[in-house]
1. Round to the nearest 0.05 the FRET efficiency obtained for Glu679 and Ser608 when R0 = 30 Å and r is the Cβ-Cβ distance.
2. In Å and from the alpha-carbon atoms only, list the Rg and Dmax of the stretch 429-521.
3. Residue by residue through the stretch 533-539, which ³J(HN,Hα) values in whole Hz follow from phi under the Karplus form 6.51 cos²θ - 1.76 cosθ + 1.60 (θ = phi - 60°), with glycine and proline marked x?
4. Filter the chymotrypsin sites (Phe, Trp or Tyr not before Pro) in the stretch 59-88 down to the DSSP loop ones having no more than 13 other Cβ atoms within 10 Å, then list what survives.
5. Students often forget the sequence filter, so: which lysines lie under 19 Å Cα-Cα from Lys144 once same-chain residues fewer than 8 apart are removed?
6. Could you name the lysines in cross-link range of Lys582, using Cα to Cα under 22 Å and dropping any fewer than eight places away on the same chain?
7. Relative to the longest principal Cα axis of the chain, at what angle does helix 84-97 sit, 0 to 90 degrees, rounded to 10?
8. Could you give each residue of the stretch 404-413 its phi-based ³J(HN,Hα) in whole Hz, using Karplus coefficients 6.51, -1.76, 1.60 with θ = phi - 60°, and x for Gly or Pro?
Amino acid sequence: MAKVFNTDFAGRALTLKADYMAAQADGAILAVYGDTVVLVTAISLKTGREGIDFLPLTVDYQEMTFAAGKIPGGFFKREGRPNEREILTSRIIDRSIRPLFPKGFSCETQIVATVLSVDNENDSDVTALVGASAALAISDIPFKGPIAGVRVGRIDGHYVCNPSAEMLLKSEINIFLVGRKVASTDGGRAFDVNLVMVEGDARQVGEEIIVNAINFGLESMRPVIELQDKMREALGKEKRTVAPADVDEAFVEKISEMALGGLQEAYRIAAKLERYARLDQIRDDVVKALTAEDPAARPRVLAVIDSLERRVLREMILKEKRRIDGRSSTDIRPISSEVGLLPRAHGSALFMRGETQALAALTLGTSSDEQRLDYIGGEEMRSFMLHYNFPPYSVGEARMLRAPGRREIGHGALARKALLPVLPAEEAFPYTIRIVSEILSSNGSSSMATVCGGCLSLMDAGVPVADVVSGIAMGLLKEGDEVVILSDILGDEDHAGDMDFKVCGTKKGITAMQMDIKIDGLTEDILRRALLQAKEGRLFIIDKLRETLSEPRKDISIYAPRITTVKVRPEKVRDVIGSGGKNIRQIIAETGVTIDVDDDGTVTIASSDGEAAARAVAMVRWLTEDAEIGKIYRGTVKKIVDFGAFVEILPGTEGLVHISQLAKERVNKVTDILREGDEVMVKVLEIDKQGKIRLSRKDALGA
């Protein structure tokens, strides 16, 4: 018998059903939000994996095409590999729940969210996230929830909870945030909601707007958290106990005596590979010494050393106020960049910040190069693509090259959102744009290097961007009341820190952001301070980018296609195309251009040869223009009659040359002057109300 729980969420009913489907899962929830329905299951094996120090968690969000009343395309007619939206939503759920499992929990765990029905009003991302939390809450899987997700928009100065897809088109922000229930610090409230994760984009808005949006979102999710509490109380299973690892103080002290001094020394080596080599040597020496008699102790030794490393780095920053490379908390690593280094790419840039280096290469194409994305919510035609690659050599590793993983797709999506608000309108710049970011070397914040390099490549390509965009990754260390916010974090600082906060934007405001938080207690004050410190760093980096290239180039690459747009009346589109595509094929064959014709009468002609493009434009205009009185045309004689000749002066447009208008002298027979198929110069004398055209060869002689 299904157990049903309801609440009001942003003015709409949210229903969670348990004991209804997937009975053999540890937890299963059918989440219903309007006509959006998502089944979420949680499974965790009963025994942990030996010898690992991480949680083997898998999150899969999948959209079934029947949810929107569609049949999949392709030969197999079934759902295939995950699309970009499915991957990004899987990442959002994973990033939200992963930090909330207890330390030491190593059982194989899987969350599967399956979209069974979808509408255009209620977000399946939000529904899936809530369903995942509820499934974990009622299961025996240890989880420090509940959590809830919400999407926040801002329209006409008002914040909106879970706006529809149509409303988001008018919103200046689109922020997905996740909050977690914690004990209240205010006696007047039953509980507080702490921020867990943020992902979003904005149209160059100020920091205060983002802070207020997050506060609004956290308050909006209270009823959803209360609903999950009721479910847990009514039918939740007893949670499994995760015994804390036994701490052998003598064992820890022994390792500390052997390794602590070396670790402190290693974390003063600024160069990443030199530092890692020294750390590896310290680990190997300690492991060899302590596992000679007991090889099974290796995992315990490595766990203690990892804890010591984290402690050494945090104490160095919190107490000594010193970072690995000697910077203060607000310093940005040295920045260098150059543009135009790839001769045949339409735009290119090499951006380096510290040991992180990104090569951005840009290609300009036509509308036929647009990416077609088919989601259950509808089709998207994307004229701006950004692809991020992270080859193994970028971190000094040797492994097989594989297709981009979820991390690469997520980083590329973040950088794309950051640059999108400054791109020109399609009417002003009718190109398809693709940027590929190759990470050549990485030591923290490679996605933000992609934003910076990507912006430079746009300007190098002559794309008239509205402003310069940069990105910066922020970190946080918090112990008790002591708080240190770090600008431009290294990979080690990310690993040992309490927050990874990426902020992108122009001097005017924020365009994209992403935040993952590992601790409770991120207050509004800390959030505001982090955003303002990020702004200082962002503006500093923008100034550095402007030193390399202050504004977009005035013209595009000589190797890029030149695009000319011609507008014709919609009813003339068929004249451009011709019967069976005859006319458009002839234009392409004679000029070598690429040509696209839209139903609204927009004809797009692309060619790197300006003369060929001009010829193609002239041909299109000839195919679609109307006859004008007084204008002279080269026509073809289509029919001879006793009183004159019918001449086609434009495709499908004929006029009559009366026998009296054939020559200056008297003409006895039309065939004395003209034959069918002859080309002849004629002048338009008159167009009557019925559209009949009167022509003159006599008046056109000598033209």
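1. Once the sixth-power term is evaluated, E becomes 0.40.
2. 15.8, 54
3. Listing the rounded values in order: 5, 5, 4, 4, x, 4, 5 Hz.
4. Values: sites: Tyr61, Phe66, Phe75, Phe76; in loops: Phe75, Phe76.
Taking the stretch 59-88 and a limit of 13 other Cβ atoms within 10 Å, the loop chymotrypsin sites (Phe, Trp or Tyr not before Pro) found are Phe75, Phe76.
5. Candidates past the 8-residue exclusion: Lys46, Lys103, Lys181, Lys230, Lys237, Lys239, Lys518.
6. Cα-Cα hits under 22 Å: Lys567, Lys572, Lys638.
7. Once rounded, one gets 20 degrees.
8. x, x, 4, 4, 4, 5, x, 5, x, 5
Just so you know, all these numbers are worked out from the coordinates, no wet-lab data involved. Owing to the predicted nature of the structure, the values given are computational and were not obtained by experimental measurement. We place every Cβ from the backbone using ideal geometry, glycine too, and count neighbours over all the protein chains shown.
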